[in-house]
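The values are calculated or read from the model by the stated rules, or taken from the named source; none is laboratory data. Since we're looking at a predicted model, the values are computed, not measured. Don't worry about glycine lacking a Cβ; one is built from the backbone with ideal geometry, like all the others, and counts go over all protein chains shown. Just so you know, the surface numbers come from the protein's heavy atoms only, side chains and all, with ligands and any DNA or RNA stripped out. Shrake-Rupley method; radii C 1.70, N 1.55, O 1.52, S 1.80 Å.
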Amino acid sequence: MRVFYCDPYCSCQKPHIERFHLDLRRILQKGASFNPLSQEQINLIMSHLNSYPRPSLGGRAPYDLFVEEFGDEGKRFLDKLGIVRIPQDRVTLHPFLLGRKFQKAADKAVRTERRAEVASGM
């Protein structure tokens, strides 16, 4: 196993994970709690994130590249993790992926963040 380390506060050393984090925050808005997530919901989020095509990967999805690199063994590994390939036209990076409860929490978090921005004069 290869492990890579980055210097703290040097996002330029890890642009791909930073992009992944931004995409994750499209589903789970800042201020929304991760605590109520079930393992099935986490698997759903990871499946959608890893099925989302990335320009940095030549328009391909991380899921596809992983399976291409590791073959059937890689696919079995992802299956054990509960990560499945979502067709490109069904990939959703939006809070409604998790249902109404998370959509309401996301809306509340966005309103709270906007109020804080207005109060600080941004």
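From (1) under 20 Å from P95 (Cα atoms); (2) assigned to a loop (DSSP other than H, G, I, E, B); (3) aliphatic (A, V, I, L, M), pick out the condition that doesn't hold for V3. Exception for V3: condition (1).
Counting the residues of region 11-37 that are under 19 Å from L57 (Cβ atoms), among the basic types (K, R) and open to solvent by 80 Å² or more (accessible area, probe 1.4 Å) gives 2.
Selection of region 41-70 for residues being in contact with a Lys or Arg (Cβ under 8 Å, 6 or more places away or on another chain) and open to solvent by 60 Å² or more (accessible area, probe 1.4 Å) yields S56, R60. Only one of the numbered conditions (1) farther than 19 Å from H94 by Cβ; (2) not in a helix (DSSP H, G or I) is not met by D72, and that is (2). Sub-7 Å Cβ pairs linking a first residue in region 13-27 that is within 11 Å of R54 (Cβ to Cβ) and touching a residue at least 24 places away in the same chain (Cβ under 8 Å) to a second residue that is surrounded by 12 or more Cβ atoms within 10 Å (Cβ to Cβ) and hydrophobic (A, V, I, L, M, F, W, C), at least 6 apart or interchain, are F20/L49; D23/L49; D23/L93, ordered by first then second residue.
Here D89 does not qualify as open to solvent by 60 Å² or more (accessible area, probe 1.4 Å), assigned to a helix (DSSP H, G or I) and modelled with pLDDT of 95 or more.
Checking V67, V84 one by one, the residue that is modelled with pLDDT of 90 or more, over 24 Å from G99 (Cα atoms) and β-branched (V, I, T) is V67 and no other.
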